[in-house]
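Quick note: the coordinates plus some simple rules give every number you see, no bench work behind them. The model shown is predicted, which means the values in this text are computed figures rather than measured ones. For neighbour counting, all protein chains shown are included, and Cβ atoms are generated from backbone atoms with ideal geometry for every residue, glycine included.
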Amino acid sequence: MNHKELAKRAVGWLKNNQKCMVVINELTSTHVSERPDAIGFKGGMSILIECKCSRADFLRDKKKHFRRDLEDGMGNMRYYMAPVRMIRVDELPPMWGLLEVYDSTIRIKQKGEFFCETNKTGEVALLTSVIRRLEISTAVFVRYEDDNKSLHESCGS
């Protein structure tokens with residue numbers, strides 16, 4: 001199973017199993033150093049999934065600053081998703097969960113714990129990037145700061 005297939009499974013798990021209303025898949029934003037493979041939003045909280053298809057990739061990922069400094073990372077709940085038996089539970093960063101991918105199913109090997117302190121600024125930057133991209137392709141209209149200023153001035157604020 002390659003990374004793209006794992007990320008697709010992560011999106012499906014967030015939508016179907018976690019009932020996330022908004023799911024973002026591998027979106028790059030210039031304002032955020034972390035690039036989640038999949039992140040979902042529901043009820044004011046976020047669930048991040050990092051997909052790993054090799055042990056080497058998992059071991060490299062553990063060294064990133066937003067993995068070591070837990071409050072710098074995104075996601076109120078955080079999971080690694082990997083093929084079965086590739087990652088051991090005792091190798092996970094504190095409070096992280098593990099989703100194991102079998103042929104046709106995903107099983108929670110270790111449930112993630114709730115992170116109170118997260119990089120909400122980064123999450124908002126991702127959501128803002130999605131909204132800006134929607135403006136280009138749909139009838140969604142985004143009001144930028146300068147537009148807001150003129151609107152407030154015309155209303156006497």
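For residue 112, nonlocal amide neighbours, meaning residues 5 or more places apart or on other chains whose placed amide H falls under 5 Å from its own, are 97, 98. Derived scalar couplings between HN and Hα for the range 3-10 equal 4, 4, 5, 4, 5, 5, 5, 5 Hz in order, rounded to whole Hz, by the Karplus curve 6.51 cos²θ - 1.76 cosθ + 1.60 (θ = phi - 60°), x for Gly and Pro. Residues whose amide H comes within less than 5 Å of that of residue 76, counting only those at least five positions distant or on another chain, are 46, 47, 48 (H built at 1.01 Å from N in the peptide plane). The protection proxy used here, the mean number of other Cβ atoms lying within 10 Å of each residue, ranks peptides 55-61, 17-23, 35-41 as follows, highest first: 35-41, 17-23, 55-61. Once the other residues with Cβ under 14 Å from the Cβ of residue 39 are scored (Lys, Arg +1; Asp, Glu -1), what is the net sum? The answer is 0.
Computed from the C-beta positions of residue 54 and residue 18, the FRET efficiency with R₀ = 30 Å rounds to 0.75. Peptides 8-16, 126-134, 103-111, ordered by how many other C-beta atoms sit within 10 Å of their residues on average, highest first, read 8-16, 126-134, 103-111. Here the spin labels are modelled as points 7 Å beyond Cα on the Cα-Cβ line, and at residue 61 and residue 89 they lie 1.9 nm apart.
How much net charge surrounds residue 108 when only the other residues with a Cβ under 14 Å from the Cβ of residue 108 are counted, with Lys and Arg +1 and Asp and Glu -1? Combined, the nearby Lys, Arg, Asp and Glu give +3.
Using θ = phi - 60° in the Karplus curve 6.51 cos²θ - 1.76 cosθ + 1.60, the 3J(HN,Hα) couplings for the range 77-90 round to 10, 9, 9, 9, 10, 8, x, 3, 6, 7, 10, 8, 4, 6 Hz; x is entered for Gly and Pro.
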